[in-house]
Amino acid sequence: MLFLYRHSIELLAKAVILSGNRLMQQGGAGQDERELFATFGRSRHRLLPLLDSITKVFEYSRWECHWPKSAIESFADGRRVIEELDALDPNSFSFRYPTNIRGERAISPGHMIGQRTILAALGDLAESLDTAVFGLDAECSRA
């Protein structure tokens, strides 16, 4: 379940960047989509490298990150969850497999994951990213 949430967050983060880039292209500030996809390839499955691009999208669109009454109320909350995910599962393998290629535990025994808490936070983060994609696509169609 954690792998699926993490994967959906990765894809939704990339969708925010792509939708935001389309909006930025309409204003002459976006990148070529091939270049953008190349950056996704270079960062592999890492989440942290995506944050700078998401920040640029939100700054360009002049959006404030505010999701009240959720585990992710601000961009800072989202950043914290993404940082924790990236620390636990930097390359999207730790939640997918119980052991690494050396046969060692994928996540060290010292890491405790509170299932209800993390699933609520991941669910809210995924929902906020999905909402951002919807909003960016709506702005693109209006312009």
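No value in this document is a laboratory result; all are computed from the given coordinates. What you are looking at is a predicted structure, and each value in this text was computed from that prediction instead of being measured. All Cβ positions, glycine included, derive from the backbone under ideal geometry; neighbour counts span all protein chains shown.
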(message) Just checking my list (1) 53, 41, 30; (2) 90, 41, 23; (3) 51, 36, 19 against Cα extents along the principal axes in Å computed from this structure; which label fits?
(response) (3)
(request) Rounded to whole Å and ordered largest first, report the semi-axes of the equivalent ellipsoid of segment 1-73 derived from its Cα gyration tensor (root of 5λ). (result) 21, 18, 9
(request) State which stretch of the chain is the longest one without any exposed GluC sites (Glu not before Pro), exposure meaning a DSSP loop state and at most 15 other Cβ atoms within 10 Å. (result) 1-63
(request) Taking the Cβ of each residue in Met1, Met24 as the centre, tally the other Cβ atoms inside 10 Å and list the residues starting with the fewest. (result) Met1, Met24
(message) Run through segment 41-113 and list the trypsin sites (Lys or Arg not before Pro) located in a DSSP loop whose Cβ has at most 12 other Cβ atoms within 10 Å.
(response) Arg44, Arg62, Lys69, Arg102
